[in-house]
Amino acid sequence: MWALVTGASSGIGSEFTEQLARDGYDIILVARDEARLNERAEYLSNSFNVSCEVLVADLSDRSQIRTIEERLARGGVEFLVNNAGFGINKRFANSDIERESENLEVLVSAVMRLTHAALPFMREVRKGYIINVSSVAGWIAGGTYSASKSWVTVFSEYLSVDCATDGISVTALAPGFTHTEFHQRGKMNMSGLPKWLWLESTDVVAHAIKAVRSGTALSIPGRQYRLLYLLMRHLPRGLVRRAGIGVRQRQR
Ligand code: NAP
């Protein structure tokens, strides 16, 4: 059976391909960097004796999202991980609106469209797993990225209930700061971040896979972040809003 992972060339997505291949899934790897995807596919086939398909696609481009939708519509994909993403380290008023639009396309439209394309096969076989990678940023008001991740969490929570009767488990993974290429690519200054806030991709991915297999709607890896989640839900919203702006400003 196949698992399809977007953003498979790096970080959390790359770790998903490894843990799912170890579980015996054949893997469809999606991202833009063809060379990295091919290298990853070769490593997975050699290490875990699984089949791999590489699909090169820029998920900020609707016509390229469509090629992945078409692959999902052909069937056979039991496990979908919507993981691809990037951040924009600018105040909204100063940021390039085309870049904002691309961000929305990757973080929201691609997640919605690929999920929609994956569901018919999963419903037919009455089995399926979907992990949508959200973020703790969705709990705060830290810009358009927070807004998109908030959408991903609510969308996944809705589906976790709505699809349960079809035998499909849906989980929103909300990681905190994780060692990947994310911050470097987004030119974010992370030097002031205390060590205890950092997570590793291996733990983040293992937590999410365990959660989706047990039908848990929200996966929050790390005790420190589960505690923060509780705090966020009980603090006055005005404080949470100001904390969101604070986190954004520290990264510039
Ligand atoms: P990463 O190491 O930078 O990986 C991002 C992945 O997304 C890469 O494989 C990249 O591949 C792919 N990607 C980016 N833009 C794309 C596009 N337009 N089309 C297709 N693929 C694209 O970062 P990461 O931390 O693993 O990020 C994975 C997810 O975790 C993201 O959704 C991110 O928002 C979320 N997250 C990260 C953290 C963190 O602290 N790291 C915390 C919370 C949530 P190519 O460049 O090859 O296209």
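Here, each number is a calculation from the coordinates, and none is a lab measurement. Since the model is a prediction, treat every value here as computed from it, not as a measurement. Every residue, glycine among them, receives a Cβ derived from its backbone with ideal geometry; neighbour counts consider all protein chains shown.
Tabulated data for the structure shown
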item: Extension gain from V154 to N189, taking 0.36 nm per residue of separation minus the Cα-Cα distance; result: 9.7 nm
item: Alpha carbon centroid spacing (whole Å) that separates the range 8-36 from the range 187-205; result: 21
item: Angle between the chain longest axis and helix 144-162 axis [Cα atoms, degrees, rounded to 10]; result: 50
item: With Cα atoms, 0 to 90° folded angle of helix 110-125 axis to the chain main axis; result: 40
item: Residue of V125, V56, V204 that the Gaussian network model of the chain assigns the largest fluctuation, springs spanning Cα pairs under 10 Å; result: V125
item: Max mean-square fluctuation residue, GNM over the chain, Cα-Cα springs under 10 Å, options L59, L80, L193; result: L193
item: 26 Å Cα cut-off, lysine pairs counted over the range 2-250 (separation 8 or more, or different chains); result: 10
item: Extension gain, R226 back to F92 (0.36 nm per residue minus Cα-Cα distance, nm); result: 45.4 nm
item: Structure-based [θ]222 nm, the chain - -39500 (n - 2.57) summed over DSSP H runs of at least 4, per residue, nearest 500; result: -15500 deg cm²/dmol
item: Linear extension gain, R241 paired with N46, 0.36 nm per residue minus alpha-carbon span; result: 65.4 nm
item: The chain: angle of helix 237-251 to the longest principal axis, Cα-based, in degrees nearest 10; result: 80
item: Rounded to the nearest 20 debye, dipole of the chain from Cβ charges on Lys, Arg, Asp, Glu; result: 1300
item: Modelled FRET efficiency - R0 35 Å, D58 with W196, Cβ distances, 0.05 increments; result: 0.45
item: Compactness of the chain, expressed as Rg and Dmax over alpha-carbon positions, Å; result: 17.5, 52
item: Relative contact order of the chain, defined on C-alpha pairs under 8 angstrom at six or more residues apart (%); result: 18
